[in-house]
Amino acid sequence: MRHPIVLAACLAGVTAVAGCGEKDANATVERAFKDVNVVDESNLSDVMLTVADPNEAVNYFARSIKEDPTRIDHQRGLASSLIRAKRVTEGVIAWEKVTKMEGATSEDSVNLADALIRAGNWTKAEKVLDDVPPTHETFKRYRLEALVADSQKEWKKADSFYEIAVGLTTTPASVMNNWGYSKLTRGEYAKAERLFSDAIRQDDTLFTAKNNLVIARSAQRDYTLPVIPMDQTERAQLLHTMALSAIKRGDVEIGKNLLREAIDTHPQHFEAAVRSLRALENG
């Protein structure tokens, strides 16, 4: 006996939906597509921030900001893209704007400090980092703190910040390389050598650390290549670095021999080494 009642209710529901009118139906469709567009836009923003050409990303976020200047995520995207595009002066201005917007975070201030360091404004970068709450403990924050301490030759603070930064990342090779370079500038060559070796163990593709390792060894008058992964071109380049370090320290004959070895090792014509050797032999 209840079936007619249920059927009547269903029909009433269908009639009500049908009676909502074309306007309400269109609004429902628009809301559905808006939700889809938000997802697509988010994915596109991620692509722009990671793999897209930096200047293309700048143009994308600049257009997005014109459509809605209140979107802090687009403002962040523009600031990040400007830094990626090496348009540092513009990047600083963009990050300063982000930090003054509603919804700005401590990480935005850290990114501003990073941009300021890239621009060479160490004093302002330090002030910005000082204003970041101590509870904001991130790898990037402490890496920047270490660089600022280095710039002021506050070695104990720098070492402390580097150590904390290393503990806050699963990929510490680059910060170990920076720490090693800090030790190198202080004349602590053996400690620098250990840090460069640690960096290479973490990432054996980091040529900068390999080059720095050779410099640290040469500073101790150790003119043998370390046992590390290297291809033939890298080997020639490291021999060249070692040769120049030897010559700089007055070990000219050793330097000449290393230059000859670098020239013989390189799979192609090694113009820089050839010029150096010719200058020495003619001088």
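Using the alpha-carbon positions of region 107-183, Rg (one decimal) and Dmax (whole number) come out as 11.4, 30 Å. Would you give the gap between the C-alpha center of region 179-213 and the C-alpha center of region 80-125, rounded to a whole Å? Region 179-213 and region 80-125 have Cα centres spaced 28 Å from each other.
Of the accessible area of region 181-272, with the probe set at 1.4 angstrom, what percent is carbon plus sulfur? Within region 181-272, the accessible surface is 48 percent carbon and sulfur. Per-residue SASA remark: TRP179, around 40 Å² accessible (1.4 Å probe; ligands, DNA and RNA not included).
For TYR189, the accessible area of its heavy atoms, probed at 1.4 Å with every protein chain present, is near 70 square angstrom. Ranked from largest to smallest solvent-accessible area, with a 1.4 Å probe on the protein heavy atoms, LEU206, LEU44 come out as LEU44, LEU206. Determine the sum of side-chain charges near LEU206: Lys and Arg each +1, Asp and Glu each -1, restricted to other residues whose C-beta is under 12 angstrom from that of LEU206. Taking every other residue near LEU206 into account, the sum is -2. Using the Cβ-Cβ distance between ASP222 and TRP155 with R0 set to 30 Å, the FRET efficiency from 1/(1 + (r/R0)^6) comes to roughly 0.80. In terms of accessible area, using a 1.4 Å probe and ignoring ligands and nucleic acids, GLU154, GLU281 rank largest first as GLU281, GLU154.
The values are calculated or read from the model by the stated rules, or taken from the named source; none is laboratory data. Not measured: the values here are computed from a predicted model. Neighbour counts are summed over all protein chains in view; Cβ atoms, including those assigned to glycine, are modelled from backbone coordinates with ideal geometry. Areas reflect the complete protein model, heavy atoms only, side chains present, ligands, DNA and RNA absent. Shrake-Rupley method; radii C 1.70, N 1.55, O 1.52, S 1.80 Å.
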